[in-house]
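This report concerns only the one structure given below.
The values are calculated or read from the model by the stated rules, or taken from the named source; none is laboratory data. Model, not experiment: these values are computed from the prediction. Counting neighbours? That spans all protein chains shown, and the Cβs are built from the backbone with ideal geometry, glycine included.
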Amino acid sequence: MKIQYYTATSLDGFIATEDDSLDWLFPLGDLNNSSYPEFICEVGALAMGSATYEWMLRNADKVAEEAGSPWPYAQPAWIFTSRKLPRIDGADVRFVSGDVRQVYAEMQAAADGKNIWIVGGGDLAGQFYDAGLLDELIVQIGSATLGKGKPLFPRRVLSPILHLNSVRQMGAGMAELRYEIHKGGLSETA
């Protein structure tokens with residue numbers, strides 16, 4: 001079992017615009033022509049930040065058009081939030097707050113030997129990293145720049161902690177990098 005941060009980023013390191021838009025991402029490639037179909041088969045539980053969940057709420061029609069349902073995941077999801085948020089019909093979600101370590105055992109048990117996916121955002125992935133729980137970064141880099149927005153991974157991580165395992169071109173607009181996190185010496189966060 002691994003805890004994986006699987007995401008897409010602009011060339012200049014942003015996962016969304018300042019107002020949480022992902023419109024820049026969709027023209028860059030087809031999800032079915034990426035590693036996603038194989039990746040999601042190995043996922044047993046999800047962790048998601050409130051901004052990502054709220055994006056799902058705002059874009060339920062678009063998600064349903066693409067995935068056939070406003071909630072495209074069969075796996076249970078832990079939504080990290082300090083606010084009360086509405087539920088998406090048919091979604092197995094658990095709203096939690098506080099330290100990621102407090103719910104890790106529950107997520108691990110639900111995953112039943114499969115991986116845990118940190119869906120987003122970057123700060124939530126950073127919290128798993130800070131806790132020594134993050135095992136892998138899978139980053140799809142798009143051929144677009146945003147200038148500013150929500151950062152990919154707002155932590156300072158210096159070599160040799162990240163070990164590049166693979167690079168894959170995905171069409172003309174994306175490249176995927178996979179990094180293993182060596183946990184022997186997690187660096188200071190910034």
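What to note about this one:
- Among (1) in contact with a helix residue (DSSP H, G or I) (Cβ under 7 Å, 6 or more places away or on another chain); (2) of a type outside the set (Gly, Ala, Ser); (3) crowded, with 18+ Cβ neighbours inside 10 Å - the single one residue 46 does not satisfy: (1)
- Of all residues in segment 84-100, those that are under 18 Å from residue 74 (Cα atoms) have Cβ atoms under 9 Å from Cβ atoms of residues that are at pLDDT 95 or above and of a type in the set (Val, Ile, Thr), 6 or more apart or on another chain, in 87/93; 93/79; 94/79; 94/103; 95/79; 95/81.
- Residue check for residue 18: in contact with a strand residue (DSSP E or B) (Cβ under 6 Å, 6 or more places away or on another chain) and acidic (Asp, Glu): no
- Out of 14, 39, 26, sole residue that is surrounded by fewer than 18 Cβ atoms within 10 Å (Cβ to Cβ), of a type in the set (Phe, Trp, Tyr) and under 14 Å from the mean Cα position of the chain (by Cα): 39
- When the residues of segment 92-115 are filtered to those that are assigned to a loop (DSSP other than H, G, I, E, B) and not acidic (Asp, Glu), the one that is surrounded by the most Cβ atoms within 10 Å (Cβ to Cβ) is 100.
- Of all residues making up segment 79-113, the number that are of a type in the set (A, V, I, L, M, F, W, C) and closer than 21 Å to residue 22 by Cβ: 6
- Residue match in segment 165-188 (condition: at pLDDT 95 or above, under 15 Å from residue 24 (Cα atoms) and either part of a loop (DSSP other than H, G, I, E, B) or of a type in the set (Gly, Ala, Ser) (or both)): no
- Contact map, segment 142-153: first residue crowded, with 21+ Cβ neighbours inside 10 Å, second residue of a type in the set (S, T, N, Q) and in a loop (DSSP other than H, G, I, E, B), Cβ cut-off under 6 Å, separation 6 or more or different chains; the map is empty.
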